[in-house]
Amino acid sequence: MSPYLQLKDTVLNFIRSHPLMDDAVQHEQGDPIFVKRDVIFTHIVTDPVHSSGKRRGNNAIFTATNDGRLLKIAQWFDITGRSHSEIVDVVQVTNYEPIRAMVISRKLHSLYIASDSAVHQVDYKSCSSRHNSCFKCVRDPHCGWNAEVEPRGGCRNFGPNTNLLQDISGSIPSICDESIPKQRIQAHWGQTLYLECPVVGHLREKVSWSHVTSTGRNLLPQKSRKHLLTSENGLVIASLTRREAGRYDCSVGNVLLRSFNVTMDDKTCATPTKPMEFQQAYADWCREFERYKYAMKNWQKKQLECDAVSRKVEMPPQIPIQ
């Protein structure tokens, strides 16, 4: 008699409804496609994006989270066939409500996302509204950068017959060189400059600033007496002198994002000629005056403390002369 016939019906029903695997199902290449800490994924959908001339196409992976976010992940394969991935966009779909359901309509280029209170439609090919820089645009599997649009190009939906720039793997550092904003700044001695480098989205590497002169390229520290990196990836240069002149490059890894060429007007000793220059000179004077007032008040406070201490010191008793 078969041993299975000796089992009770309740046991057989439990076995039927709770199948077990002999071995765990491994990832395709041994490692997970994407890893992110401190987040719970609730749903996942994939949109294959085929590229001409490649054995394996790229994938756009959409993952929903328990705090209402939609993560767009680009997956690509190198020449050895190994998988790589990176976050290219994040959308806060709900008001921090968990995403309960998500389906994709490739015909309408949309994701339909449901939470406890609403259903949302998200266009996952809205390249022109999601990416305003070449650096982020070329990494999105659905997007490409049109370098012919003035003044510095624009992000468009990528297609097989479009003459757009795309580099999902980030293997062409110079792909956006022609679209990099380059600005010339004529500064005055003692002026304080703020250089912007806005980067929206998640980056694998930190934003760095370097100072390029005739003697070479110097990577600027996070914080020094002359330079300060802001939380928005900007750079503050305090009290300019001739030594601070030169080119300042904002980069992510080996990819250049913005470039500023700073020249010093030290011959005229910062004589303002335009309304904006007068405003800058006045602002610098106000800041210097505020520092002077603060130092003066601090000195007066310490002077009062010293006087109070000296008054508390008892004079020695006088000895009468016989």
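Quick notes on this one:
- Some residue of region 237-248 being on the phi > 0 side of the Ramachandran plot, more than 18 Å from the chain's Cα centre (by Cα) and either surrounded by fewer than 14 Cβ atoms within 10 Å (Cβ to Cβ) or aliphatic (A, V, I, L, M) (or both): yes
- Filter result (within 20 Å of Cys137 (Cβ to Cβ), without any contact (Cβ under 8 Å) to a residue 40 or more places away in the chain and either in a loop (DSSP other than H, G, I, E, B) or of a type in the set (Phe, Trp, Tyr) (or both)) within region 69-104: none
- Selection status of Val149, surrounded by fewer than 18 Cβ atoms within 10 Å (Cβ to Cβ), out of contact with any Ser or Thr (no Cβ under 8 Å at 6 or more places or on another chain) and not assigned by TED's automatic domain parsing to the domain that holds Lys72: yes
- Within region 60-74, tally of residues that are of a type outside the set (A, V, I, L, M) and surrounded by 21 or more Cβ atoms within 10 Å (Cβ to Cβ): 4
- Residue in region 199-221 that is touching a Leu at 6+ places or on another chain (Cβ under 6 Å), exposed (fewer than 12 other Cβ atoms within 10 Å of the Cβ) and either hydroxyl-bearing (Ser, Thr, Tyr) or modelled with pLDDT under 85 (or both) present: no
- A search for C-beta distances below 6 Å between a residue of region 105-129 that is assigned to a strand (DSSP E or B) and any residue that is among the acidic types (Asp, Glu) and surrounded by 11 or more Cβ atoms within 10 Å (Cβ to Cβ), counting only pairs 6+ apart in sequence or on different chains, returns Ser110/Asp123.
- Filter result (part of a loop (DSSP other than H, G, I, E, B) and not β-branched (Val, Ile, Thr)) within region 6-25: Leu7, Lys8, His18, Pro19, Leu20, Met21, Asp22, Asp23, Ala24
- Some residue of region 93-100 being under 26 Å from Gly154 (Cβ atoms) and not assigned by TED's automatic domain parsing to the domain that holds Pro141: yes
- Tabulated pairs, region 15-34, first assigned by TED's automatic domain parsing to the domain that holds Glu86, second of a type outside the set (A, V, I, L, M), C-beta under 7 angstrom, 6+ apart or interchain: Gln29/Arg82; Gln29/Ser83; Ile33/Gln75; Ile33/Ser83; Ile33/Ser85; Phe34/Ser85
- Between Cys137, Cys127, the distinction of being in contact with a Phe, Trp or Tyr (Cβ under 7 Å, 6 or more places away or on another chain) and modelled with pLDDT of 85 or more belongs to Cys137 only.
The values are calculated or read from the model by the stated rules, or taken from the named source; none is laboratory data. Computed from a predicted structure; not experimentally measured. Positions of Cβ are generated from backbone atoms using ideal geometry, with glycine treated the same way; all protein chains shown enter the neighbour counts.
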